1. Amide H to amide H, which residues 5 or more places from C232 or on other chains are under 5 Å from it, using H placed in the peptide plane?
2. So, in nm, how far is label E316 from label E85 when the simple model puts each one 7 Å beyond its Cα toward the Cβ?
3. So who's got an amide H within less than 5 Å of the one on L45, skipping anything under 5 residues away but keeping other chains? H placed 1.01 Å off N, in plane.
4. For segment 110-204, state which chymotrypsin sites (Phe, Trp or Tyr not before Pro) are in a DSSP loop and have at most 13 other beta carbons lying within 10 Å of their beta carbon.
5. What number does segment 194-333 give for Rg over Rh if you use C-alpha atoms and the Kirkwood radius?
6. Could you give the size of the charge dipole of the chain about its Cα centre, using +1 on the Cβ of each K and R and -1 on the Cβ of each D and E, expressed in debye and rounded to the nearest 20?
7. When only alpha-carbon atoms are used, what values of Rg and Dmax, in angstrom, describe the chain?
Amino acid sequence: MAFEKLKNTYLPARPEAWSNSSIVVDEEKCTGCGNCVQACPCACLEVVGKKARMVEGVACMSCSACVAHCEKGAVTMRGFYRVDEGVFKTTLLHPDDGYPKVPEVEGIEGLTPVEEVIYKRRSNRIFSSRPVPDELVRRVIEAGRFAPSHGNNQPWSFLVVNDREEMDRIAEMMDPLYRHLTRFYFSGKSNPVTRSLLSVASALLPPLMDQRAMTGGRAILKPKDVFLGAPCLIYLLGDKRGINNMYVDIGICGQNMVLAAHSLGLVTCWLSFAGVGAKMLPWLRRYLGIKKPYVPVTAIVLGYPRVNADSMVKRELPRIIWRKNGQNFTELP
Ligand SMILES: Cc1cc2nc3c(=O)[nH]c(=O)nc-3n(C[C@H](O)[C@H](O)[C@H](O)COP(=O)(O)O)c2cc1C
Ligand code: SF4
Ligand code: SF4
């Protein structure tokens, strides 16, 4: 039984164990511009005969980037990525297509400006090459500096690469890592020995072996630009001596930054691929001058949009348990 479970952990070889959201393209509206293809972090879409369509068998993570980046309103997303068996089995609550796009906020008429930016800010993946002045980058970092942190320990530091040529050099250094990693991962589809190794690794290290991350890793290989054409990259470095859980503090700091950037007319995309690259490649860390006790946690790219993706998108329903009178009540089955 346990062996059967283990056998099922490597997902790409068993597509029947998982399902994508289905992306539906309205061919009447689609002009074949390719924005959705460029915006898709998993390379799930292609344009054939001037119409966009889904590529078969690629894990779509239901992020709605294609919906948000289609200026013609031609894309809709139905359902959500889910896994029905094994260690990756999800317990998602799947809204059907009738689930409203607009968040249901109980008891209020409209959205506050803060709520509006939270709901409408999208990760942008189609940047203009227009540079960002250093002063604006500073303002974005200021918002991070004022983030709350455990014991006010402020365990962050920022490495700013506001230089596209230097970003290209960094991308060049990271490319082999993602090429080898994803080649190894997907080789498990046809190679039973690799598949067994990957099954064990998937059972032991689910966060590392998630097929959506691997699909994303494969999708950023050259000629695609891992930095999405953005002109500015900010590494968020964390102090390993941080109180309790430094990663929580870094996340809050980064979210302050992306929201502040939005309010300054900039767009952003979190980019853990850049952080992971620096984490896994000591020579890249040396090249970048990242020194202990700081470690790369994640990164954000920043710039001006070539395509404005801001809009509300679908999300899973919230899993809420209300504890009242000593009992748990769930809102949904
Ligand atoms: C910590 C973190 C790391 C991320 N890393 C990447 C990344 O490496 N590449 C990418 O294209 N998107 C990355 N994203 C963006 C997510 O894919 C995106 O937030 C998610 O799909 C939801 O879309 P939204 O930001 O438009 O709401 C990351 C997001 C977070 C919070
Ligand atoms: S972004 Fe919209 S219009 Fe452009 S190719 Fe995709 S679906 Fe078609
Ligand atoms: S929902 Fe996200 S992952 Fe899926 S096709 Fe659209 S952009 Fe790609």
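1. Result for C232 returns L302.
2. Output for this residue pair reads 2.1 nm.
3. Residues meeting the amide H criterion: V55.
4. F146
5. Working: Rg = 18.9 Å, Rh = 18.3 Å.
Looking at segment 194-333, the ratio lands at 1.03.
6. Numbers: 43 positive and 33 negative charges, 203 e Å.
I would put it at about 980 debye.
7. Answer for the chain, Rg first and Dmax second: 20.8, 61 Å.
FYI, it's all coordinate maths here, none of it is from the lab. Note that the structure is a prediction, hence the values are computed from the model and not measured. All Cβ positions, even for glycine, are placed from backbone atoms using ideal geometry, and neighbour counts span all protein chains on display.
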